[in-house]
Every structure is written in C-alpha cells, then in structure tokens.
Amino acid sequence: ECGADCAKFQKSELEHRFTKTALERPYTSKHSWGKTYGEHKRHLEFSHDQYRELQRYAKEIGIFFTASAWDDMSVDFLHELDVPFFKVASADANNFPYLAKTAKKGRPMVISSGMQSKDTMCRVYQMVKDVNPNFCILQCTSAYPLQPEEVNLAVIKAYQSEFPDIPIGYSGHETGIAITIAAVAMGAKVVERHVTLDKTWKGSDHAASLEPNELAELVKSIRTVEKAIGSPIKQLLPCEISCKEKLGKSVVAKVKIPAGTVLTLDMLAVKVAEPKGFPPEEIFDLQVKRTTKDIGEDETVTEDVVEHSRVKINCL
C-alpha cells in the first residue's frame with residue numbers, strides 16, 4: 001500500500017547462527033521475549049511454513065518477497081523458496097565463506113556494509129564479482145537509531161567511484177526520511193528501511209523504523225527525486241521558453257548609433273527588449289563590427305543592422 005517494491009524479512013536457523021553458549025546466555029533486556037537469548041530469538045523467528053505463507057501473500061498482492069539470510073542454512077532455505085535476490089546483512093559482509101556460498105547460488109545479491117572498512121568491502125566486491133556479477137553494495141552504519149553525523153552519505157560517492165560497474169544503494173537506520181531521500185539524490189539505486197506498525201512496540205528496532213505513513217511519504221518523495229535527477233546535459237528546456245520570452249534580455253543601443261559605425265562596448269547595454277536581439281553572452285562579439293543601419297537610442301541591436309564579418313583593424 002505504501003508503494004515499496006519488496007518486503008524483506010530476516011531469516012535465521014538459530015543453531016547455525018549462534019553457538020550453544022550464546023543462545024543460553026541470560027537476556028534481561030527490557031526488549032526480551034525470554035529468559036535466555038535463545039528463548040528470545042525462538043519466540044521471534046518465523047517457521048518455514050510461515051515464510052511460505054508470507055511468500056504466497058506477497059505474490060497475491062504483487063510485491064517481491066525475500067529475506068536477509070543470517071546463516072548458511074537460511075541461504076539454502078531461501079534458495080529453495082526461489083526468492084528474487086539474497087540480502088546479505090552487514091554482520092555477514094565480512095563472512096567470506098558465507099559470501100562465496102551465497103554468490104554460487106547465482107541469484108542477485110544486495111550486500112549491506114555496516115561495521116566494515118573500505119579494504120574489506122573491496123575484497124567483498126572482488127570475491128563476489130568473480131563468481132556472480134549481479135550484485136550491489138549498500139552504504140550502511142549499524143546503529144539503532146542512527147544519528148545524522150554517523151550516516152556518512154559521502155561513502156555512496158566513494159563506492160560509486162570504487163565500484164563503477166555495480167549499483168550502489170543505502171540501508172538506513174536513522175529516524176525520519178530526509179536522509180534516505182538525500183541518499184537517492186546522491187545516486188543510491190536501492191534503498192532499504194526497517195518498517196513497523198508502531199514505534200513504541202517492544203523491541204530495539206522499532207524506534208529506528210518507519211511507520212506506514214512515513215514509508216508512503218518516503219516512496220512518494222523518492223519517485224519525485226528520481227524524476228528530478230534528470231539529465232546531466234545543461235540546455236534550454238521547452239518549459240523555460242515562456243520565461244525566457246518574458247524575462248530574457250538582449251543587447252540594445254545605449255546611445256544613437258549611425259549606420260557605418262564600428263561598435264564599441266560603451267555604445268551598448270543589456271535590457272529586456274522588444275523585439276529580441278543579440279543575447280547578452282554575444283555582446284563582446286559585437287565589438288569592432290560595423291552597423292549597416294541607424295540604430296536609435298534604447299533600440300534593440302538585431303542581426304539585420306550589423307555586418308556579419310568583423311572589421312579588420314591594422315596595428316601601427
């Protein structure tokens with residue numbers, strides 16, 4: 001309903017993502033859904049059947065469905081589901097065996113780069129490209145919620161320069177939509193944001209997520225910015241012609257200029273004139289040209305009153 005192209009979830013096979021000790025550690029956070037971290041994660045994790053149900057529903061309503069695969073077994077499961085692309089979470093961007101396995105599946109990949117260095121991402125680029133050239137990299141800072149001074153949108157331009165043959169995108173964890181819109185203006189081709197129905201819900205991600213009205217506004221704004229980016233060719237556009245006709249200036253005579261006069265700059269001025277004449281940027285080219293007719297004071301200098309050839313002036 002908000003206009004996004006894809007709904008992305010997060011898939012884990014907990015025993016393959018965490019060690020036994022990590023799952024058994026006490027978890028007393030206010031966001032906890034269990035006494036241990038394992039209980040907490042098991043409460044939140046969707047089953048394979050639930051994923052299939054979500055996928056069916058996504059197909060019914062016409063939106064792409066995929067997930068971040070947080071371990072090798074999740075990669076296999078999502079591959080079995082025939083997802084349109086794999087999302088690689090920032091935490092796995094430097095997990096080279098995982099990246100190699102995922103790349104070999106042959107599906108497009110979207111790779112977030114939070115918590116990584118430029119050197120690591122250069123290695124990621126080369127490793128994946130050698131196996132699967134259909135991938136993109138997202139600038140990301142892994143903090144929830146993310147403060148503006150930690151976003152570093154300039155990395156988007158750095159990635160575009162370093163990896164010119166792949167799309168570069170942005171995965172944002174900041175509050176609001178302005179920064180993500182700016183990322184698109186800087187050339188981000190893929191945008192990922194967390195979404196919630198209520199930011200006050202239990203769970204650490206909700207505060208850094210967008211509610212549906214914000215997501216809808218973000219999508220609308222991104223589509224507007226995409227149109228506004230336009231062409232790098234600077235030229236007079238059809239939509240500007242009426243404004244140029246009204247406000248555009250021409251070269252006019254500052255004084256009365258008799259026929260046969262060699263023009264000098266002190267004889268000329270620039271004004272909004274009727275009819276139109278030489279544009280202001282050609283005023284210097286009119287110097288040392290000879291007039292063929294009388295030009296009255298404040299009259300437009302038009303092509304029919306000026307010789308087309310320059311007057312040759314001999315130096316003594």
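Structural remarks
- Measuring max minus min along each principal axis, the C-alpha atoms of the chain give extents of 99, 41, 38 Å (largest first).
- For segment 50-55, 3J(HN,Hα) per residue [Karplus equation, 6.51 cos²θ - 1.76 cosθ + 1.60, θ = phi - 60°, Hz, x = Gly/Pro]: 5, 5, 5, 5, 4, 5
- Whole-Å distance, taken between Cα centres, linking segment 292-309 and segment 131-200: 58
- Dipole of segment 160-296, positive direction: furthest Cα of Pro212, Thr291, Val272, with charges on the beta-carbon: Thr291
- Net charge, Asn213 excluded, C-beta distance under 14 Å - Lys, Arg +1, Asp, Glu -1: -2
- For the chain, the relative contact order comes to 10 percent (Cα pairs under 8 Å, sequence separation of at least 6).
- Each of Val270 and Ser204 was given a label point 7 Å from its Cα along the Cα-to-Cβ line. The distance between the two points is 6.0 nm.
- With contacts taken as Cα pairs under 8 Å and at least 6 residues apart, segment 109-177 reaches a relative contact order of 37 percent.
- Top positive-direction residue, dipole computed over segment 189-293 with Cβ charges, set Val251, Thr261, Gln235: Thr261
- Protection proxy ranking, highest mean first, for peptides 226-239, 149-162, 51-64: 149-162, 51-64, 226-239, where packing is the per-residue count of other beta-carbon atoms within 10 Å, averaged.
- Per residue, in Å², the accessible surface of segment 238-305 once ligands and nucleic acids are set aside, probe 1.4 Å: 62
- Heavy atoms of the protein chains alone define the surface here; on that basis segment 6-229 has 52 Å² accessible area per residue at 1.4 Å probe size.
- Descending semi-axes in whole angstrom, ellipsoid equivalent of segment 49-90, from the Cα gyration tensor: 18, 11, 8
- For segment 238-305, the spherically averaged projection of the C-alpha convex hull amounts to 4.3 nm².
- Segment 38-158, accessible surface, carbon-and-sulfur percent (1.4 angstrom probe): 52
- Segment 27-154 shape via C-alpha gyration tensor axes, a/c threshold 1.5: oblate
- In order along segment 246-261, phi translates into HN-Hα couplings of 7, 10, x, 9, 9, 7, 10, 7, 6, 9, 5, 10, x, 4, x, 7 Hz, rounded to whole numbers, per the Karplus curve 6.51 cos²θ - 1.76 cosθ + 1.60 with θ = phi - 60° and x for Gly and Pro.
- Long-range amide H partners of Leu268 with built H, under 5 Å: Lys254
- Legend: residue pairs Lys101/Lys189; Lys246/Lys289; Lys227/Lys276; Lys20/Lys59, Cα-Cα distance threshold 31 Å; pairs beyond threshold, Lys227/Lys276; Lys20/Lys59.
- Summed side-chain charge close to Pro97 - residues other than Pro97 whose Cβ falls under 12 Å, Lys, Arg +1, Asp, Glu -1: -1
- Cβ-based charge dipole, the chain, positive-most Cα from His79, Gly187, Val131: Val131
- Summarising the amide proton neighbourhood of Leu138: residues at separation of 5 or more, or on other chains, whose placed amide H is nearer than 5 Å comprise Ile111, Ser112, Ser113, Gly169.
The values are calculated or read from the model by the stated rules, or taken from the named source; none is laboratory data. Keep in mind that what you see is a predicted model, and the values were worked out from it rather than measured. Virtual Cβ from ideal backbone geometry, glycine too; neighbours counted across all protein chains shown. Note: areas computed on protein heavy atoms with side chains; ligands, DNA, RNA excluded. Shrake-Rupley method; radii C 1.70, N 1.55, O 1.52, S 1.80 Å.
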